[in-house]
Every structure is written in C-alpha cells, then in structure tokens.
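To start, the structure itself, in structure tokens.
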Amino acid sequence: MLNVCTLPVVASWLALCAPEPNLTAGYVEGEYLKLAPVELSEIADVQVEEGERVKKGQLIAILESSDANMKLAEAKAQLQQTLASLNDLKLGKRPEEIDVLNATLRSAQAQAKHSQNVYDRYQGLLGRKVISQAQFDEAETALLVAQARITELQAQLSVAKLPAREDQIAAAESQYEMAKAKVDLAEWLLEKRKIYAPEDAKVTDVFLHSGEMAGPTAPVASLLPVNSIKLHFFVPEEQYTQLEVGTKFNARCSGCTTLQALQITHIAEGPEFTPPVIYSLETREKLVYEVQAKPITKHSPLRPGQIFDVDLDSLQ
C-alpha cells in the first residue's frame with residue numbers, strides 16, 4: 001500500500017504526516033514567603049495591599065510595641081543595677097565606711113596608750129608593794145586587750161581597702177553579661193515589631209489587618225519574590241537515567257510568545273506510579289520520576305499555576 005506521507009508534495013500539505021511530538025505536561029509552583037512576627041502581638045497598621053509590588057526593606061506592617069518597650073526599659077534598669085554591683089565589688093568599701101574604721105582605730109590607739117601608761121605606773125607601784133599582784137595583772141590584761149584591738153582594726157581596714165574575692169567578682173561579671181544579653185534580646189524583639197520585605201516581591205495575600213493578632217503561626221502577609229518559582233514535571237524511566245541537575249531545556253506555555261529556557265534543579269530519587277500501582281512488565285512503562293526546574297532568565301513570564309509542555313526528546 002502506498003504511504004502518501006512519503007510523497008514530498010503531499011507531505012508538505014499534510015501536517016499529520018509530521019511525527020507526533022513526545023511531550024509531557026508540567027505545572028508552575030510559586031515559592032511564597034509568609035511574613036509573621038516572632039511574638040504574638042496585635043497589628044497596629046498594615047502598609048501594603050494585595051497585588052502591590054514592594055522593594056527589599058520596605059515596611060510591610062507595624063505591630064503594637066508598648067509591652068516590648070517596657071521589657072526593654074526593665075532590662076536596661078537591671079543592667080545598670082548589675083553594673084553598679086560589679087563596680088562596688090571591684091572598689092571595696094565606700095570611703096565613708098573606711099572613715100568610720102579609721103576613727104575607731106584612732107580611739108583604740110588612744111585607749112592602748114592609756115593602758116600602757118597605767119601598766120608602766122603599776123609596775124613601779126608593784127615593786128614598792130603599793131598595789132597588789134591582782135591589780136597589776138588587771139592592768140597588764142587591759143594593755144594586751146587594747147593592743148589586740150588595734151591589730152584587729154588595722155586588719156579590718158586593710159581588708160576594707162581591698163576589692164571583693166575573685167569568685168564574687170566573677171559571679172557579678174556573669175550577672176552583668178546576662179543582663180547585657182537580656183537588653184540585646186529586648187532590643188531585637190522590639191525591632192521585630194516592624195515587618196519588612198526581605199526581597200523585591202509581589203504581595204499575593206494580606207491575611208490580617210489592624211486590630212487583629214499576628215504571631216509565628218499567624219502570618220500578616222504572603223509575598224512572591226521576583227522569579228521565585230519552580231516547575232514540576234514527570235519523565236518516564238527511559239529519560240530519567242539520562243538527566244542530571246544542571247541540564248538545560250526549553251518549554252512552551254500558553255500565552256508565552258517564545259520558548260522558555262529552563263534548568264533542572266532537582267531530580268527525585270524515587271519513582272511515582274500511575275494506577276494500577278503494581279510492579280509488572282505491563283505497568284513498568286507507567287513508572288515516572290519527578291523533575292524540578294527553574295527559569296534561566298531573571299524575569300520569566302511564567303506564573304504559579306500555569307501549565308507548560310516539555311519536549312522529552314529535547315532532554316536527551
């Protein structure tokens with residue numbers, strides 16, 4: 001039987017004579033950023049709207065910060081308190097306390113001088129039998145007590161001029177560092193009461209508004225950064241072994257005026273199956289592997305949810 005597709009003139013008229021392309025369909029997925037505060041807080045103001053394009057660093061939302069300001073003030077007060085305690089330990093006793101010790105020492109020295117005079121006088125009187133041995137012993141004891149008191153006060157004065165023990169100072173320094181860390185944390189938490197755009201992006205959703213509560217699991221808004229999309233498609237087993245991360249290829253999408261240049265970024269390690277999920281010679285051809293890719297160009301026209309076609313033969 002004559003195959004009309006082998007006739008050049010006829011083949012040029014019949015598009016059906018061309019070989020059927022080996023295509024597979026895929027879809028585009030957006031990699032969204034959900035912006036949420038690190039602490040549960042009431043929203044004071046949302047400064048963007050859905051569909052708006054924002055720049056990196058642009059203010060997205062402001063949250064109530066009265067409690068964060070109070071925590072920061074408390075942390076700073078505690079820091080000043082621990083610093084004062086540390087400095088006090090390093091300096092030793094206050095000048096007023098040292099003055100009191102000096103005055104007490106001078107009084108003890110005067111008392112010792114008096115006791116010395118009494119002792120000297122009693123020595124002569126004892127030799128002339130004017131006083132008893134008991135009276136002399138009493139004067140001697142008073143002198144020894146006065147001298148011991150001087151030694152004690154001199155030691156107290158020396159200690160008062162010294163800083164605290166090393167372990168006490170080390171403990172106070174640790175308390176000071178902890179207080180500093182609390183101030184740093186309070187400042188960071190206060191700063192986080194304002195939410196900024198981390199990248200140039202489009203605002204896709206505003207979930208919450210002024211007066212509502214936002215938190216780590218309750219984001220304020222969702223952004224789609226520029227070119228932050230990935231494409232998913234599936235290839236059969238015969239193409240899977242020929243692919244590697246970095247492979248470049250073209251895809252066609254509805255509404256795109258040109259082919260889209262893509263690059264494979266991920267290839268699934270394991271297979272997926274189309275029903276029935278049974279290993280057999282008949283179903284082996286239904287074994288497929290997921291492939292992910294990203295656009296090579298910076299500003300791709302592809303949008304989340306869009307369907308595209310990949311010519312599997314171009315992947316070889």
The stretch 260-306, residues that are exposed (fewer than 11 other Cβ atoms within 10 Å of the Cβ), of a type outside the set (D, E, K, R) and modelled with pLDDT of 70 or more: 270, 299, 305
All strands (runs of 3 or more DSSP E) inside the stretch 1-116 with 2 or more residues being among the hydroxyl-bearing types (Ser, Thr, Tyr) and at pLDDT below 95: 23-30
Residue match in the stretch 122-141 (condition: of a type in the set (Lys, Arg) and either more than 60 Å from the chain's Cα centre (by Cα) or closer than 30 Å to residue 223 by Cβ (or both)): yes
The lone exception for residue 49 - which of (1) closer than 30 Å to residue 228 by Cα; (2) outside the structural domain of residue 202 (by TED's automatic domain parsing) it fails: (2)
The stretch 232-256 - residue that is of a type in the set (A, V, I, L, M, F, W, C) and in a loop (DSSP other than H, G, I, E, B) and, of those, farthest from residue 310 (Cα to Cα): 245
Where a residue in the stretch 229-252 is in the same structural domain as residue 290 (by TED's automatic domain parsing) and its partner, wherever it lies, is modelled with pLDDT of 85 or more and among the aromatic types (Phe, Trp, Tyr), with Cβ under 7 Å and at least six apart: 231/308; 232/27; 234/289; 235/289; 240/289; 251/308; 252/308
Selection count, the stretch 213-231, where residues are in contact with an Asp or Glu (Cβ under 8 Å, 6 or more places away or on another chain) and part of a loop (DSSP other than H, G, I, E, B): 3
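The values are calculated or read from the model by the stated rules, or taken from the named source; none is laboratory data. In this text, all values refer to a predicted model and were calculated from it rather than measured experimentally. Positions of Cβ are backbone-derived with ideal geometry, glycine not excepted, and every protein chain shown enters the neighbour counts.
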